[in-house]
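Let me begin by presenting the structure, written as structure tokens, before commenting on it.
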Amino acid sequence: MKPSINTTLPITHCCPACGLLCDDLVLNSNSPVSINNACVKGISFFEKAFSESYAKPSVAGKPTDLNSAIQAAANILSKANHPLFAGLGTEVQGMRSTMRLAEKTSATLDHMHSEGTVRNTLAMQNSGWQTTTLTEIKNRADVILAIGTDIVSSYPRFFEKLVWNTNTLFNKPKPEVMYLGLAEETVKLPEIMSALNALMNAKNPLNKKPDNDLIGGVTIASLKQILEKLKTAKYGVVVWSASALKFPQAELTVQSITQLISKLNETNRVAGLPLNSGDGDSSVNNTSTWLSGYPTRNRFVNGHPEYDAYHFSTKNQLNRCDALLWISTFNAYQPPTCDAPTIVIGHPDMQFEKQPDVFIPVGIPGVDHTGTMFRMDSSVAMPLKKLRNSELLSLSDVISQIEAKLA
């Protein structure tokens with residue numbers, strides 16, 4: 001039976017397509033489904049969710065019933081000594097269930113977008129940081145510096161909701177936005193960030209160099225102008241996207257960004273905003289941290305959690321694990337190639353180049369079932385509503401049934 005749309009629509013809804021979690025979307029039951037207030041990411045997310053495709057559970061590529069697929073998944077995990085739970089594209093409730101199963105099976109956990117998250121985590125662990133919230137940006141920010149990102153590629157409604165929005169508490173002017181290190185220029189950011197930190201020190205020899213000298217392709221005069229605007233801002237915000245920093249030891253550049261913010265705060269008010277990568281990464285890492293003490297790239301050994309930002313990565317574990325559980329409920333992302341038995345639990349629109357040993361389609365959070373997600377600034381937990389009736393179970397329900405089979 002294909003899912004059916006609830007007749008209660010239109011309804012104001014929270015969109016899980018990116019970390020902004022915009023809660024002003026309006027969907028109605030016209031055919032095709034119409035969506036108001038959504039960005040390109042939101043439209044794509046809901047159009048795929050409401051497409052006609054509807055997958056069936058399978059074992060070894062052959063369709064089967066749900067109970068048989070759940071039993072097959074349990075059989076694989078019961079024989080595994082070092083399973084890897086990867087992808088982890090889910091929300092809070094799904095991650096809570098996944099953590100219980102990981103503890104029972106001594107699994108390693110790693111989110112599909114953890115490369116960027118780890119860069120931020122390493123910098124924060126080393127020296128701490130000073131960050132802000134989306135509400136503070138909307139109400140207070142008058143200068144925004146975007147480092148290594150154009151922002152809109154990841155968050156199409158960022159400017160609409162936080163920069164151009166005139167409905168603020170303090171009637172502040174529209175913020176001035178500056179960009180530093182876009183696209184191929186990101187590889188020059190280590191040099192540029194080192195120069196910015198050096199220029200903050202009035203006695204540094206760099207301040208005596210000619211203003212037209214170039215550092216990482218940027219003139220010293222331009223870097224001084226950026227610093228001056230941040231120094232004189234009433235509320236400056238530095239935004240960066242760690243996932244866009246695709247060069248070795250990128251966490252050191254994140255640390256340079258946080259050090260610059262800390263130095264600016266000695267005389268002014270400046271805060272950071274690290275952008276997340278989506279697919280529930282903020283929700284997954286927050287849930288993992290409060291349950292185990294660690295974000296993902298952790299594992300359970302005899303019920304005790306361990307953390308290793310390098311060795312517990314999906315890349316390093318694929319050739320070491322003896323079972324792979326791939327979870328992707330927001331998008332139909334395929335699992336990585338793995339020689340170990342593979343279980344996929346995810347989006348009903350999944351298409352595979354290589355059939356997994358077990359596939360279990362589940363409901364899409366915010367479409368087929370309710371849920372909870374953390375906004376990208378981790379300051380607000382947003383509720384996801386159920387938009388249609390579907391026979392698909394939630395990830396949490398499926399994981400709980402697998403866990404019961406292992407008892």
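Brief remarks follow.
- Distance from the alpha carbon centroid of the range 350-386 to that of the range 223-260 works out to 32 angstrom.
- Environment charge at Thr166 (Cβ cut-off 11 Å; Lys +1, Arg +1, Asp -1, Glu -1): +3
- DSSP-defined beta bridges in the range 116-275 - what % are antiparallel, rounded to 5: 10
- Too-long pairs where the Cα-Cα distance tops 23 Å, listed order kept, from Lys172/Lys203; Lys104/Lys385; Lys138/Lys234: Lys172/Lys203; Lys104/Lys385
- Helix 281-292 axis, angle to the chain major axis (alpha carbon atoms, nearest 10°): 70
- Tilt relative to the chain, helix 189-199 - C-alpha long axis, 0 to 90 degrees, to 10: 40
- C-alpha long axis of helix 66-79 to longest principal axis of the chain, angle in °: 70
- Computed [θ] at 222 nm, deg cm²/dmol, the chain (DSSP H ≥ 4; -39,500 (n - 2.57); rounded to nearest 500): -9500 deg cm²/dmol
- Longest site-free stretch - the chain; sites: chymotrypsin sites (Phe, Trp or Tyr not before Pro), DSSP loop, at most 16 other Cβ within 10 Å: 171-309
- With K and R counted +1 and D and E -1, the other residues having a Cβ less than 11 Å from that of Pro83 yield a net charge of +3.
- Accessible-area composition of the chain, carbon plus sulfur, in percent [1.4 Å probe]: 49
- Full-stretch length increase - Thr133, Asp308 - with 0.36 nm per residue and alpha-carbon distance subtracted: 60.2 nm
- Checking [x] 34; [y] 19; [z] 12 against percent of Cα pairs over 42 Å apart calculated from these atoms, the matching label is [y].
- For the range 116-275, the per residue solvent-accessible surface stands at 47 Å², with DNA, RNA and ligands left out and a 1.4 Å probe.
- Scattering curve values for the range 65-158, log₁₀ I(q)/I(0), Debye with Cα scatterers, q = 0.14, 0.16, 0.23 Å⁻¹: -0.79, -0.92, -1.35
The values are calculated or read from the model by the stated rules, or taken from the named source; none is laboratory data. Predicted model only: the values in this text are computed from it and were never measured. Here Cβ is always computed from backbone atoms with ideal geometry, including for glycine, and neighbour counts include all displayed protein chains. Accessible surface is based on the protein model in full, side chains and every heavy atom, while ligands, DNA and RNA are left aside. Shrake-Rupley method; radii C 1.70, N 1.55, O 1.52, S 1.80 Å.
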